[in-house]
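Please read the structure below before turning to the comments.
What follows draws every value from the coordinates through simple rules; no lab data is involved. Please read these numbers as outputs of a predicted model, since none were measured by experiment. We place every Cβ from the backbone using ideal geometry, glycine too, and count neighbours over all the protein chains shown.
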Amino acid sequence: MADVLSDDEIERKLPTHWSLDGDEITRTYEFDDYLKGVAFATEVGELAEEEFHHPEIRIGYEEVEVRFTSHEAGGVTDQDIEMAELCDDHR
C-alpha cells in the first residue's frame, strides 16, 4: 500500500491549479459549454480505468470538478498526484 503524504509534501508536489481539501486533492476545470465538460469527464474516466485509480467527478454546466484520494491508504498518495498530472495533460 502507498504511503500517505504529509500536507507539506502534498503542497510541494501538487500541480498548479490543484488544491488540498481535507484528505483529497481537487481541481475545477472550466469549459465553454456543457458537452465539452462531459467529453473531458469521459476522458478522465477512461484514464482512471486504465490506471485503476478512480476520482470523484462532478459535472456542472461549464465546469468539471475532479477529486482524488487513496481511500485504502487513508489520504493523498503519490498516485493521486500522478493522476492529477495526467488529468492536466488531457485538458
In nm, spacing of pseudo-spin labels at ASP8 and ASP21 (7 Å Cα→C-beta vector): 2.6 nm
Could you give the length gained on full extension between ILE59 and LEU35, defined as 0.36 nm per residue of separation minus the Cα-Cα distance, in nm? 7.7 nm
Anyone know which of LEU20, LEU35, LEU47 comes out most mobile in the 10 Å Cα GNM of the chain? LEU35
Add -39500 (n - 2.57) for each DSSP H run of 4 or more in the chain, then divide by its residues: what number comes out at 222 nm, to the nearest 500 deg cm²/dmol? -12500 deg cm²/dmol
Taking other Cβ within 10 Å of each residue's Cβ, how do LYS13, LYS36 sort, fewest first? LYS36, LYS13
With Cα coordinates, the longest principal axis of the chain makes an angle with the long axis of helix 34-51, in degrees rounded to 10, of 40 degrees
Dipole of the chain, Cα-centred, from +1 at each Lys and Arg C-beta and -1 at each Asp and Glu C-beta, to the nearest 20 debye? 160 debye
Cα-Cα separations in the stretch 36-82 greater than 17 Å, expressed as whole percent: 34 percent
Can you give me the pair-distance distribution of the stretch 7-89, C-alpha pairs, 5 Å bins, whole percents? 3, 16, 28, 24, 18, 8, 3, 0
